[in-house]
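Read-outs throughout are calculated quantities, based only on the coordinates presented, and are distinct from any laboratory measurement. If you're wondering where the values come from, they're calculated on a predicted model, not measured in any experiment. Quick reminder, even Gly has a Cβ in these numbers, built from the backbone with ideal geometry, and neighbours come from all protein chains shown.
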């Protein structure tokens, strides 16, 4: 066998060394977050092993009356709404050309991608036969005209779209200049395609519940659930970006561009203005639906009081707080409004999928402690992955601010492999 000269051999091994070096921890290990999250993740992994060996009934309180529990109601139905900031912000930056938000677009896209990977991935945990998760994609014994078929395909395509949107950052990290130019040229098309998919699957999640009219309390059921789900994903995504941006600004302060650091409050206030407008539109839709259905008598019940807590306490009040905070440039109050809006979305999605679902059943569903641990495991794992990527890739800072790879460390995609 002929051996190539060293200069002609492919540079795979240096690339592997570079990636292995990047796996080394950056920063202290004994932090409060690590000390809390690691035991939870380990416990969650043990619970998942039990779930896949002995079935859902061994770790959950699911039943024939309540086939969808916390892993669907929170991880999927609510989590996908929280990830809505990715399609909103990419539309604002790449289509509307509001470049002031460009410094935070990569972090938002990364968060959206990880949310879909982990939260939509929670679907596998909830399936009695996890290997059947491929059926909607290949069309095996599946209704091609069903809403779930539509949502499944949109989830898959949107995750691939977000991978494409984030890929220029990976190319910059690896020093692949030619690949970076090609991938960046494809960004606008990917954004337009991604926004289209998001518009459809955010509303498609709501359309799933149109087939459960007898099971959902009348105060939460409406034929306009798809529209409400889509409208709520806009301010939910913006509110999540506000909170995550505030946390990232503190945790990853060293990663931020010093020249753009001073405009962080202006970015949050701009996002707050968009959240206030979309939240008002959502509240207006909710009010129209309530008046159209003439449900005044239902407000006199316990369910009516709970409905008012959601609509007034966590929709109208955050809307007012957003407006006041933006007009008076109160960034702290803006964060409070964002937290309130996210709680409102959480209540609405859980009310539709769990709390007010089968509301007349004598035996109610309450998640087991194992379900809470697994949900916390999913969230903590996503944060670990997000932190690992932000500390290494040009997400919050420019590529030229990263320690550059040493010459000839690895081959670019155009070279021999």
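Given labels modelled 7 Å from the Cα in the Cβ direction, how far is it in nm from residue 288 to residue 163?
3.9
When every alpha-carbon pair in segment 294-353 is counted, what percent end up more than 19 Å apart? Write out the running numbers ahead of the final one.
Details: 679 of 1770 pairs.
So the portion of pairs separated by more than 19 Å is 38 percent.
For segment 312-375, what is the relative contact order in percent, using Cα pairs closer than 8 Å and at least 6 residues apart in sequence? Could you put the intermediate results ahead of the total?
On the way: 31 pairs, mean separation 17.3, N = 64.
Over segment 312-375, the number comes to 27 percent.
So for segment 215-293, considering every pair of alpha-carbon atoms, how many percent are separated by more than 21 Å? Please list the in-between numbers first.
Details: 1373 of 3081 pairs.
That tail contains 45 percent of the Cα-Cα pairs.
Using the Cα atoms of segment 244-345, I'd like the radius of gyration and the largest Cα-Cα distance, Dmax, both in angstrom.
17.0, 57
Could you work out how far the C-alpha centroid of segment 307-363 sits from that of segment 60-108, in angstrom?
16
Please say if segment 180-332 is rounded, prolate or oblate, where rounded means a/c under 1.5 for a ≥ b ≥ c the square roots of the C-alpha gyration tensor eigenvalues, and otherwise the choice is prolate for a/b larger than b/c and oblate otherwise? Walk me through the numbers on the way to the answer.
Details: a/c = 2.89, a/b = 1.53, b/c = 1.89.
Oblate.
In cubic angstrom, how much convex hull volume per residue do the alpha carbon atoms of segment 158-258 span? Could you put the intermediate results ahead of the total?
On the way: hull volume 14.5 nm³, N = 101.
Taking only Cα atoms, segment 158-258 has a hull volume of 144 Å³ per residue.
In Å, what is the Rg of the alpha-carbon atoms in segment 1-134, and how long is Dmax?
Both quantities, over Cα of segment 1-134: 21.7, 68 Å.
P(r) for segment 46-86: what percent of alpha-carbon pairs falls in each 5 Å bin, starting at zero?
For segment 46-86, the binned pair fractions read 6, 21, 20, 21, 15, 10, 6, 1 percent.
Rounded to the nearest 0.05, what FRET efficiency do residue 34 and residue 297 give with R0 = 45 Å and r taken as the Cβ-Cβ distance? Could you check? Can you show the working numbers first?
On the way: r = 53 Å, r/R0 = 1.17.
The computed FRET efficiency comes out at 0.30.
Helix 105-115 against the longest principal axis of the chain: what's the angle in degrees, Cα atoms only, rounded to the nearest 10?
For helix 105-115, the angle is close to 60 degrees.
In segment 18-58, if every C-alpha pair distance is counted and binned at 10 Å from zero, what percent goes to each bin?
In whole percents, the pair-distance histogram is 24, 29, 29, 16, 1.
Can you pull the one-decimal nm distance between simple spin-label points at residue 388 and residue 134, each 7 Å off the Cα toward Cβ?
2.5
Just to be sure I understand the model, the point goes 7 Å from the Cα along the line to the Cβ. What's the resulting residue 317 to residue 16 distance in nm?
5.8
For a footprinting-style exposure proxy, rank 382, 310 by other Cβ within 10 Å, fewest first. It would help to have the intermediate numbers written out before the result.
Numbers: 382 18, 310 22.
Going from least to most buried by this count: 382, 310.
Quick one: helix 264-293 against the long Cα principal axis of the chain, what's the angle to the nearest 10°, folded into 0 to 90?
Orientation of helix 264-293: about 30 degrees from the principal axis.
Just to be sure I understand: with springs between alpha-carbon atoms less than 10 Å apart, which residue in 139, 85, 27 has the highest mean-square fluctuation in the Gaussian network model of the chain?
Of the options given, 27 has the highest mean-square fluctuation.
Return the inverse of the average 1/r over all pairs of distinct C-alpha atoms in segment 89-161, which is the Kirkwood hydrodynamic radius, in Å to one decimal.
14.2
From Cα pairs below 8 angstrom and at least 6 apart in sequence, can you work out the relative contact order of segment 224-286, rounded to a whole percent? Intermediate results must be reported in sequence, preceding the final value.
Working: 29 pairs, mean separation 39.6, N = 63.
Once normalised by length, the contact order is 63 percent.
In degrees between 0 and 90, to the nearest 10, how far off the longest principal axis of the chain does helix 187-208 point, with axes built from Cα atoms?
Tilt of helix 187-208: around 30 degrees.
Could you work out the per residue convex hull volume over the alpha carbons of segment 16-87, in cubic angstrom?
Values: hull volume 13.5 nm³, N = 72.
Value for segment 16-87: 188 Å³ per residue.
Only helical DSSP H runs with n ≥ 4 go in: add -39500 (n - 2.57) per run for the chain, normalise by residue count and round the 222 nm mean residue ellipticity to 500 deg cm²/dmol. Walk me through the numbers on the way to the answer.
Values: 17 runs with 245 residues, N = 417.
Using -39500 (n - 2.57) per qualifying helix, the result is -19000 deg cm²/dmol.
Please report, in cubic angstrom per residue, the volume enclosed by the convex hull of the alpha-carbon atoms of the chain.
Values: hull volume 74.9 nm³, N = 417.
Per-residue hull volume (Cα only) is 180 Å³.
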